[in-house]
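Report on the following structure.
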Amino acid sequence: MSISPADTVWILVSSALVMLMTPGVALFYGGMVRRKNLLSTMMMSFACLGLVGLLWVLYGYSISFGSDHAGIIGGLNFIGLNNVGQEPSPVYATTVPHLAFMIFQAMFAIITVALITGAVVERIKFISLLVFSALWMTLVYSPVAHWVWGGGWLARLGVLDFAGGSVVHINAGVSALAMVLLLGRRRGFPGDAMEPNNIPLVVLGASLLWFGWFGFNAGSALTAGGLAASAFVTTNTAAAAAAFTWMVISWLYRRPTILGTVTGAVAGLATITPAAGFVTPLAAIPIGVAAAVVCYYVMLVIKTKLGFDDSLDVFAVHGVGGILGMLSVGVFASLAVNSAGANSLLTGSGAQLLKQLIGVASVGAYAFGATWILGKLVDVTIGLRVGQTEETVGLDLSQHGERAYGGLLR
Amino acid sequence: MKKVEAIIREERLDAVKKALEEKSYFGMTVSEVSGRGKQKGIPLQWRVGEYRVDLLPKLKIELVVLDEDVSTAIDAIVSNARTGETGDGKIFVLPVETVVRVRTGDRNENAI
């Protein structure tokens with residue numbers, strides 16, 4: 001195949017858009033923690049740009065997208081970007097340079113690791129987070145990316161995941177839950193009012209996420225044509241429906257909060273992700289509404305009934321959103337939207353829904369089990385948690401020797 | 001000499017300041033404080049559910065006056081800080097041993 005300049009521009013721009021989502025996550029999460037942990041929370045995301053950005057070009061891309069081994073893992077033929085050059089790959093995104101596809105995928109790996117950090121903020125040791133992140137990208141993210149997008153067993157089975165409902169969101173959300181169980185609650189949770197230090201930062205972060213998500217979803221069309229436009233519109237529509245719905249729910253409860261509204265937007269975006277290029281723009285409305293309603297009540301149950309300290313609700317937003325979105329493909333997908341997709345419950349049969357269920361269950365089970373083992377390994381070797389004093393003074397000082405706001409003299 | 005410490009609602013500052021100035025008490029120190037009293041707290045919402053914040057933002061005005069001026073100052077503050085609702089604040093009066101004006105080194109009555 002020859003290179004299409006239009007497709008290449010779109011994939012490179014999309015890669016840059018998705019890159020910006022990781023600082024977006026840093027701001028989104030950073031604003032929600034207490035002041036003493038603002039920098040450490042932002043650092044957890046930003047450090048992924050350094051760590052995962054390196055590991056991906058060294059070997060992550062190869063074991064995710066290299067030649068298939070038993071449907072489980074990619075080979076070493078792309079190690080150190082060997083055989084990944086300016087010519088297109090014969091298999092992936094065949095109209096853009098292979099390097100462009102590789103860097104687009106790098107941004108997904110980076111943000112997926114960053115998403116998990118919301119569950120472990122305010123108490124995890126920074127060095128342990130780095131070690132865990134490297135292990136997790138290697139042994140959880142890469143295999144799952146291979147299963148779904150690299151020609152692995154779930155791809156062969158026909159499981160559809162347009163832009164990462166399983167690879168990114170279920171993967172991150174379920175792994176977050178496993179880490180919460182290993183790490184335990186923050187001191188003072190529940191009971192102490194852990195007030196967000198800066199909600200405007202949260203709004204800024206959510207805005208960057210929404211903006212970047214156009215690259216995430218519409219970029220996943222891998223061409224600059226009609227499918228990209230369709231995914232762009234479903235993405236925006238689901239985000240709008242979910243933001244508005246969450247706002248209404250919080251209003252029915254007491255008052256319409258902006259923290260709730262932006263959370264709804266992110267839940268809607270996570271939920272539409274696997275379906276973005278398979279469903280019609282109007283189908284994005286029920287998907288967005290369902291995202292807000294289900295994520296809201298799951299969050300309520302986890303926080304108040306079960307007492308799990310998934311600090312920034314990674315499971316409730318990304319895990320639940322990813323599951324809902326994967327299933328919504330089996331309900332709303334249509335071959336009229338994407339000939340590489342499938343028909344579904346509303347357009348044909350329930351066969352695709354069954355495949356989606358298998359995708360959800362297998363990625364969820366693997367992510368939970370593997371993360372638990374990796375987290376436990378880090379815990380018994382270098383320890384996951386900071387000491388009591390370090391937690392009390394805050395991770396900004398104890399882990400990074402910095403503070404977010406200057407001293408008395410401004 | 002006495003120090004008058006008044007905790008008041010933020011929105012009453014301008015009126016209290018003006019009233020004190022009319023009685024020629026110009027100098028004061030104002031700081032943002034948090035506190036609680038009979039007003040209890042206010043509910044705030046998280047992404048889901050709510051939590052209670054029981055320390056509410058108030059302003060603290062501090063001024064030092066001669067003993068015979070204390071009741072005039074208190075009257076000016078009370079009549080302008082009061083809304084009649086809980087949360088209007090409190091006034092404390094404390095004895096002051098020494099006052100020094102930094103620029104001149106003047107002491108006590110000459111320094112107020």
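Looking at region A:232-248, is at least one residue β-branched (V, I, T), farther than 30 Å from A:I11 by Cα and within 10 Å of chain B (Cβ to nearest Cβ)? Explain how you work it out, then say what you get.
As a first pass, look at region A:232-248 and keep what is β-branched (V, I, T): A:233-235, A:237, A:245, A:248.
Restricting the remaining residues to those that are farther than 30 Å from A:I11 by Cα gives A:245, A:248.
Now restrict to residues that are within 10 Å of chain B (Cβ to nearest Cβ): none.
No, there is no match, as no residue in region A:232-248 is β-branched (V, I, T), farther than 30 Å from A:I11 by Cα and within 10 Å of chain B (Cβ to nearest Cβ).
Limited to region A:215-264, what total is found for residues that are outside any helix (DSSP H, G or I) and over 20 Å from A:A6 (Cβ atoms)? Total satisfying the criteria: 4. Of all residues in region A:260-299, those that are surrounded by fewer than 20 Cβ atoms within 10 Å (Cβ to Cβ) and within 14 Å of chain B (Cβ to nearest Cβ) total 3.
Screening region A:295-410 for helices (runs of 4 or more DSSP H) wholly inside it with 3 or more residues that are among the polar types (S, T, N, Q) and within 23 Å of the chain's Cα centre (by Cα) returns the ranges A:351-381. Might you let me know whether region A:148-158 holds any residue that is small (G, A, S), surrounded by fewer than 23 Cβ atoms within 10 Å (Cβ to Cβ) and in contact (Cβ under 8 Å) with a residue 60 or more places away in the chain? Scanning region A:148-158 turns up at least one residue that is small (G, A, S), surrounded by fewer than 23 Cβ atoms within 10 Å (Cβ to Cβ) and in contact (Cβ under 8 Å) with a residue 60 or more places away in the chain. Screening A:Y59 with (1) surrounded by fewer than 24 Cβ atoms within 10 Å (Cβ to Cβ); (2) part of a loop (DSSP other than H, G, I, E, B) gives one miss only, at (2). Taken over region A:249-259, residues that are among the aromatic types (F, W, Y) and within 9 Å of another protein chain (Cβ to nearest Cβ) amount to 1.
Note on region A:203-259: among residues that are under 19 Å from the mean Cα position of the chain (by Cα) and of a type in the set (F, W, Y), the one that is surrounded by the fewest Cβ atoms within 10 Å (Cβ to Cβ) is A:F211. Would you confirm whether any residue within region A:338-354 is within 14 Å of chain B (Cβ to nearest Cβ), more than 19 Å from A:A155 (Cα to Cα) and either of a type in the set (A, V, I, L, M, F, W, C) or buried (at least 21 other Cβ atoms within 10 Å of the Cβ) (or both)? Within region A:338-354, not a single residue is within 14 Å of chain B (Cβ to nearest Cβ), more than 19 Å from A:A155 (Cα to Cα) and either of a type in the set (A, V, I, L, M, F, W, C) or buried (at least 21 other Cβ atoms within 10 Å of the Cβ) (or both). Confirm whether A:T263 is modelled with pLDDT of 95 or more, out of contact with any Lys or Arg (no Cβ under 7 Å at 6 or more places or on another chain) and not hydrophobic (A, V, I, L, M, F, W, C). No, not satisfied. Summed over region A:36-56, residues that are surrounded by fewer than 24 Cβ atoms within 10 Å (Cβ to Cβ) and touching a Gly at 6+ places or on another chain (Cβ under 8 Å) total 1. Among the residues making up region A:300-313, those that are in contact (Cβ under 8 Å) with a residue 24 or more places away in the chain and more than 7 Å from every other protein chain (Cβ to nearest Cβ) are A:G307, A:F308, A:D309, A:D310, A:S311, A:L312.
Test A:V144 against the stated conditions and say whether it is touching a residue at least 24 places away in the same chain (Cβ under 8 Å) and surrounded by 20 or more Cβ atoms within 10 Å (Cβ to Cβ).
Values: touching a residue at least 24 places away in the same chain (Cβ under 8 Å): yes; surrounded by 20 or more Cβ atoms within 10 Å (Cβ to Cβ): yes.
In short, yes.
Selection of region B:11-66 for residues being of a type in the set (A, V, I, L, M), within 14 Å of another protein chain (Cβ to nearest Cβ) and in contact with a strand residue (DSSP E or B) (Cβ under 9 Å, 6 or more places away or on another chain) yields B:I42, B:L44, B:V53, B:L55, B:L56.
The values are calculated or read from the model by the stated rules, or taken from the named source; none is laboratory data. Because the structure is a prediction, the values reported are computed rather than measured. Here the Cβ is made from the backbone with ideal geometry for all residues, glycine too, and neighbour counts use every protein chain on show.
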